[in-house]
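Every number here is computed from the coordinates shown, using simple stated rules; none is lab data. Everything quoted here is computed from the prediction, not taken from an experiment. Cβ atoms come from the backbone with ideal geometry, glycine included; neighbour counts cover every protein chain shown.
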Amino acid sequence: MPSRWSIGKDGGVRAVVRRAGFADRPSRAITAAAVAALSAAAWAALDPDRGAIAVLLAAVAVVIAGVAWLEGSPGSVKDLTLVAALAGIAAAGRVLFAAIPSVQPVTVIVAAAGVALGPKRGFAVGALAALASNFFLGQGPHTPWQMLAWGGCGALAGLSRRALSGRLAFAAFCLALGFAYGTLFDFWVWYGFYPHTEAALLVRLAAGVPFNVAHAAGNVVLALVAGPELRRVLERYERRLRPEIVWA
């Protein structure tokens, strides 16, 4: 606390206090989300029959933590504007491709956003795109899982951005994301609605293979056609949003 009063000018002191308060809010939200996830996991362990709702609550908690993570950014207003625009584009692409089973352009758009804009914005674009598109395609208990899965795709792309500068590397990454996305959903369906046995898990994973292959193949085609170009457009736009510091 004394460090807040170490600046001689009153305006400086007030600025320090505001920054500290701003930084504390996301921290508290992330802590609360982590506690909620832990409570849901404990609930599931006590009664496996309630596994579906418990795991759903855990997914919601992780999504809330991701939103709080983005909100902790100093330029959150500009970030939210950019994220909303990209999520709208991704959601529109998903709705337009809905007639083609398991082809999800959202994955490539979210991955490009993560590579160009970083893991925070990538997570937010993925989560919001899933939520927005489901207003047209149908909300349900799967929505938080789609938000978590596509948000995770964006965050992972942001964390791996240095290795994804090439067209082939980005396409291979989107290929892996297609299988990872589908596998996460298969595990959720198995845990929430199937007997918790190895045989039931294998049945669920086998049933999901054709859909995961279609998703991954669609990702590769879209990534090869437009992935790097989309990333460069987003990088140029992101540079325009960066604050410039001019020394007098």
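The stretch between residue 80 and residue 196 holds 37.7 nm of extra length on full extension. This uses 0.36 nm per residue minus the Cα-Cα distance.
Using a simple spin-label model with pseudo-atoms 7 Å out from Cα toward Cβ, residue 95 and residue 179 lie 3.3 nm apart. Label-to-label distance for residue 163 and residue 229 is 2.8 nm, based on points extended 7 Å past Cα in the beta-carbon direction. Each of 191, 181, 237 has some number of other Cβ atoms within 10 Å of its Cβ, and from fewest to most they run 237, 191, 181.
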